[in-house]
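Q: My questions will all concern the structure given below.
The values are calculated or read from the model by the stated rules, or taken from the named source; none is laboratory data. This is a predicted model, so every value here is computed, not measured. Cβ placement follows ideal geometry from the backbone for every residue including glycine, while neighbour counts extend to all protein chains displayed.
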Amino acid sequence: MTLDEIKLGEECRIVRQNLGGATGQRLMDMGFIPGTKVKVVRNAPLIDPVDLLIRGYHVSLRHHEARGVEVERT
Amino acid sequence: MNDPRREITVAVAGQPNSGKSTIFNMLTGARQHVANYPGVTIEKRSGKYSYKGDTVILVDLPGTYSLTSYSQEERIATDFLLYEKPAVVLDIIDASNLERNLYLTFQLQEMGMPLIIALNMMDVAEARGLRIDTQKLSELLKVPVIVTVGNKGKGKEELKTAIINARRNTENNNFRIDYGEKLEPILSLLEKRLSEDLKISLSYPVRWLAVKLMENDSVARRLVEKAFSK
């Protein structure tokens, strides 16, 4: 499953990341690597973005970016 | 050697929101100069101060999460470090976000930069219940770590002293990240090949270049292709 399918308040673990390019590199720089836990904190009222908690800080991603991150439920 | 007008250039690096500008302002006060990096519209702030007979020129690098070639800010920061060769790099770390911030620190170390760490926003980290063993951090990374709270001016004198001392300390920082048994053999092969080219090994840190080639970094590739095409 992918990160955009994770419901509000749920936590998951990153399996792999398929974004590539500048976005993929940026996410790697910020610690989106296999094994890392991510929690979905909030969803914006009009679909994008989604607010995530990773390694103790918040990141907002668009849903189509979240779709590029494969995760598993913890 | 006894030139009374000694000047040292210090690059201020750090991730976005690490408090880089606050520390920059704390050290330089109002003596600042704003320009652009040549050819691009990214602001280049520099400032200076005198300390015990030395003039320290601070250059504020763009805030970046890392030093790849994907964004203009990152390329500018990398180029400045490679070609302007600052005497010291002051790495501003958000203490409340230590893990993420250390990623940039590792890259600076891989480039062989003489580093000082300002562990900034320590008050925020403590308010969140984090306790950081700064002495241990300094031992592990083999660089001086100074605790700062930029908006309260805490750590100002300590930083100024550390900057002067770091300049005098010509010892090579031999901190090295071990990439494990899968990558290290390939890295050392690359390092060996790169070292054989004098132009490359005199101009660039080969370990850094080897790692960048493994990342398929476009700037690193171009550097090497150019050197080996002759």
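Q: Find all pairs meeting these conditions: Cβ atoms under 8 angstrom apart; at least six residues apart or on different chains; first residue within the stretch B:95-121 and within 16 Å of B:Tyr83 (Cα to Cα) and more than 9 Å from every other protein chain (Cβ to nearest Cβ); second residue of a type in the set (Lys, Arg) and in a helix (DSSP H, G or I).
A: Listed by first residue and then by second, the contacts come to B:Glu110/B:Arg207; B:Gly112/B:Arg207; B:Pro114/B:Arg167.
Q: So which residues in the stretch A:15-53 are crowded, with 18+ Cβ neighbours inside 10 Å, assigned to a strand (DSSP E or B) and in contact with a Lys or Arg (Cβ under 8 Å, 6 or more places away or on another chain), if there are any at all?
A: Those that are crowded, with 18+ Cβ neighbours inside 10 Å, assigned to a strand (DSSP E or B) and in contact with a Lys or Arg (Cβ under 8 Å, 6 or more places away or on another chain): A:Val38, A:Val40, A:Val50, A:Leu52.
Q: Go through (1) within 30 Å of B:Ile23 (Cα to Cα); (2) surrounded by 18 or more Cβ atoms within 10 Å (Cβ to Cβ); (3) more than 19 Å from the chain's Cα centre (by Cα) for B:Lys154 and report which single condition fails.
A: (2)
Q: In the set B:Leu108, B:Leu194, B:Leu190, which member is closer than 22 Å to B:Ser21 by Cβ and surrounded by 11 or more Cβ atoms within 10 Å (Cβ to Cβ)?
A: Testing whether each residue is closer than 22 Å to B:Ser21 by Cβ and surrounded by 11 or more Cβ atoms within 10 Å (Cβ to Cβ) leaves just B:Leu108.
Q: Look at the stretch B:35-59 and say how many of its residues are surrounded by 14 or more Cβ atoms within 10 Å (Cβ to Cβ) and acidic (Asp, Glu).
A: Of the residues in the stretch B:35-59, 1 are surrounded by 14 or more Cβ atoms within 10 Å (Cβ to Cβ) and acidic (Asp, Glu).
Q: Would you confirm whether or not the stretch B:60-67 contains a residue that is under 25 Å from B:Lys152 (Cβ atoms), surrounded by fewer than 22 Cβ atoms within 10 Å (Cβ to Cβ) and touching a residue at least 24 places away in the same chain (Cβ under 8 Å)?
A: Looking through the stretch B:60-67, at least one residue is under 25 Å from B:Lys152 (Cβ atoms), surrounded by fewer than 22 Cβ atoms within 10 Å (Cβ to Cβ) and touching a residue at least 24 places away in the same chain (Cβ under 8 Å).
Q: Only residues that are out of contact with any Ser or Thr (no Cβ under 7 Å at 6 or more places or on another chain) and within 12 Å of chain B (Cβ to nearest Cβ): list them for the stretch A:23-40, please.
A: Of everything in the stretch A:23-40, those that are out of contact with any Ser or Thr (no Cβ under 7 Å at 6 or more places or on another chain) and within 12 Å of chain B (Cβ to nearest Cβ) turn out to be A:Thr23, A:Gly24, A:Arg26, A:Leu27, A:Met28, A:Met30, A:Gly31, A:Phe32, A:Ile33, A:Thr36.
Q: Being assigned to a loop (DSSP other than H, G, I, E, B) and surrounded by 18 or more Cβ atoms within 10 Å (Cβ to Cβ) is the filter here, so list the residues in the stretch B:206-227 that pass it.
A: B:Asp217
Q: Name the residues in the stretch B:166-187 that are assigned to a helix (DSSP H, G or I), modelled with pLDDT of 90 or more and either surrounded by 12 or more Cβ atoms within 10 Å (Cβ to Cβ) or among the acidic types (Asp, Glu) (or both), would you?
A: The answer is B:Glu181, B:Leu183, B:Glu184, B:Ile186, B:Leu187.
Yes or no, residue by residue, for (1) modelled with pLDDT under 95; (2) over 26 Å from B:Gln107 (Cα atoms):
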| site | (1), (2) |
| --- | --- |
| A:Glu5 | yes, yes |
| A:Gly21 | yes, no |
| A:Thr36 | no, no |
| A:Lys39 | no, yes |
| A:Asp48 | yes, yes |
| A:Leu52 | no, no |
| A:Arg62 | yes, yes |
| A:Glu70 | no, yes |
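Q: When residues of the stretch A:1-22 are filtered for being within 14 Å of another protein chain (Cβ to nearest Cβ) and touching a Cys at 6+ places or on another chain (Cβ under 7 Å), how many remain?
A: Total meeting the criteria: 0.
Q: Also, I was wondering about something else. Answer yes or no: is there a residue in the stretch A:61-72 that is in a strand (DSSP E or B), of a type outside the set (Lys, Arg) and under 19 Å from B:Leu98 (Cβ atoms).
A: no
Q: Another question, then. Just to verify a result, which residue in the stretch B:195-205, among those that are in a loop (DSSP other than H, G, I, E, B) and under 20 Å from the mean Cα position of the chain (by Cα), is nearest to B:Ile177 (Cα to Cα)?
A: B:Pro205
Q: State whether one or more residues within the stretch B:24-34 are surrounded by fewer than 22 Cβ atoms within 10 Å (Cβ to Cβ), free of Cβ contacts under 8 Å to residues at least 12 places away in the same chain and within 27 Å of A:Gly21 (Cβ to Cβ).
A: Checked against the condition, which is being surrounded by fewer than 22 Cβ atoms within 10 Å (Cβ to Cβ), free of Cβ contacts under 8 Å to residues at least 12 places away in the same chain and within 27 Å of A:Gly21 (Cβ to Cβ), the stretch B:24-34 yields no hits at all.
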